[in-house]
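Undergrad: The structure that follows is given in the form of structure tokens.
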Amino acid sequence: MTYARFLELFPDNDACLEYLKAKFYADGTECPKCGKASKFHKITGRTAYSCQYCGHQVYPTAGTIFHKSTVSLQFWFYGIYLMSSTRCGISAKQLEREIGVTYKTAHRMFKLIRTLLGQDDEQLTGEVEADETRWGGKPRAGDVSRYMIPSDWNRNKAASRWASDPKNKGTVFGMVERGGRVRAEIVPDRLGPTLTGRIIERVLPSAMIFTDEYVAYRGLRNHFAGHRRIMHKQKIYVRGNVHTQTIEGFFGLLKNGIRGVYHAVSREYLQSYLDEYCWRYNHRHDRQPMFWTILDGVQKDRLAAQ
């Protein structure tokens, strides 16, 4: 999906509106009021179309992320194009510069577009790796000092205590099928019931689970076809097919992408960014351009809202 192709298909706001109309109210669609298979004709100067029989008006943007927006529909489509054509995401500041809207508007547009990229509920299967990672910045010197204790003035241990405090660093938990899909979500803690509960909920019992030696993963063998662990503390990272390199690779893509594009993400919005990066990863082998996949999500989101 090149920029030239985008301009060819969507040269103005009316072309974008016609695309949505063809999606939701194609010729022969039943009129919501009179029930007849109708054609809907554009009302001049408005974003509405009317039924050829009863004149009932329909709005192609109703129930979508574009509804009642004062931003041009072409700008919305261009924002989707930018998000789909980059591999590590695009910041709201860049969209602000590209289309000439305020930062607040650009941020809202991307926030709504990300609602179309949510993770599905289909369980993972096959060989599944699971791991967790800390999420948050580095502590300042003053922060570390507050975690010093009289019996141990070691600053490294104090920094570790700072990182272990959920108020300072969150936890992101991820699971990935080898060669397949990934799931990532924010979890409240790194305790066994939380992590194993997520795995049992998100993975089919027939799967083989791969984790590191963290004590929270004990007992998974009783719920799945098998559970194999790699001993990172012993400096062992791969032994045959036992490793967690796939999920660690995804975490690397996630952290480098956010660090390079967004620099920092608040915990309030972190899950939506996780959804975006999981969506990119899960559609990495698609033959259809991601632009069209996101637009298909507009239709699914509208049907779900009805």
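Undergrad: Which value, in debye to the nearest 20, describes the size of the charge dipole of the stretch 74-229 about its Cα centre when Lys and Arg Cβ atoms bear +1, Asp and Glu Cβ atoms bear -1, and nothing else is charged?
TA: I would put it at about 640 debye.
Undergrad: Between R87 and D120, what's the calculated FRET efficiency when r is the beta-carbon distance and R0 is 22 Å? Round to 0.05.
TA: 0.55
Undergrad: Restricting attention to the chain, give the cysteines that have no other cysteine Cβ less than 4.7 angstrom from their Cβ.
TA: Among the cysteines of the chain, those whose Cβ sits 4.7 Å or more from every other are C16, C88, C278.
Undergrad: To continue, here is another question. Given contacts defined as C-alpha pairs under 8 Å and at least six residues apart, what's the relative contact order of the chain, whole-number percent?
TA: 18
Undergrad: OK, next. For the chain, give me the percentage of DSSP beta bridges that are antiparallel, rounded to the nearest 5 percent.
TA: 70
Undergrad: List the aspartates and glutamates whose Cα lies under 16 Å from the Cα of K138, skipping any in the same chain that are fewer than 8 positions away.
TA: D165
Undergrad: Same structure, new question: Which shape class, rounded, prolate or oblate, goes with the stretch 209-299 when its Cα gyration tensor gives a ≥ b ≥ c as root eigenvalues, a/c under 1.5 marks rounded, and past that a/b bigger than b/c marks prolate?
TA: prolate
Undergrad: So, one more: Once the other residues with Cβ under 15 Å from the Cβ of T211 are scored (Lys, Arg +1; Asp, Glu -1), what is the net sum?
TA: Summing Lys and Arg as +1 and Asp and Glu as -1 gives +3.
Undergrad: Still on this structure: Sort the stretch 74-229 into rounded, prolate or oblate with this rule: let a ≥ b ≥ c be the square roots of the eigenvalues of the Cα gyration tensor; rounded if a/c is under 1.5, and if a/c is not under 1.5, prolate when a/b is larger than b/c, oblate otherwise.
TA: The shape class here is oblate.
Undergrad: Does the stretch 105-190 come out rounded, prolate or oblate, given a ≥ b ≥ c as the square roots of the eigenvalues of its C-alpha gyration tensor, rounded meaning a/c under 1.5 and, failing that, prolate meaning a/b above b/c?
TA: The shape class here is oblate.
Undergrad: Could you give the dipole magnitude of the chain about its Cα centre, charging the beta-carbon of Lys and Arg +1 and that of Asp and Glu -1, in debye to the nearest 20?
TA: 780
Undergrad: Taking amide H atoms as placed 1.01 Å from N in the peptide plane, list the residues 5 or more away in sequence, or in a different chain, whose amide H sits under 5 Å from that of V203.
TA: The list, which skips near neighbours in sequence, is L124.
Undergrad: Once you put a point 7 Å from the Cα of V238 and another 7 Å from the Cα of R46, both along the Cβ direction, what distance in nm separates them?
TA: Calculated label separation equals 6.4 nm.
Undergrad: Below 24 Å, Cα to Cα, which lysines can K23 reach? Residues fewer than 8 away in the same chain don't count.
TA: Output for K23: K33, K36, K39, K42, K68, K111, K300.
Undergrad: Same structure again: Non-local amide H neighbours of M208 (under 5 Å, H modeled in plane, Pro and chain starts lacking H): which ones?
TA: Counting only residues 5 or more places away or on other chains, the set is G126, E127, V128.
Undergrad: Shifting gears a bit: [x] 47; [y] 39; [z] 33: which one is percent of Cα pairs over 30 Å apart as calculated from this entry?
TA: Of the listed options [x] 47; [y] 39; [z] 33, [x] comes from this structure.
Undergrad: Under a crude label model (7 Å from the Cα following the beta-carbon direction), how far is V187 from E30 in nanometres?
TA: With each label placed 7 Å out from Cα toward Cβ, I get 4.6 nm.
Undergrad: Pairs to check: K93/K157; K21/K104; K93/K233. Give those whose C-alpha atoms are more than 32 Å from each other in this structure.
TA: In this structure, K93/K157; K93/K233 lie more than 32 Å apart at Cα.
No value in this document is a laboratory result; all are computed from the given coordinates. Everything numeric in this text was worked out from a predicted model, so none of it was measured. Quick reminder, even Gly has a Cβ in these numbers, built from the backbone with ideal geometry, and neighbours come from all protein chains shown.
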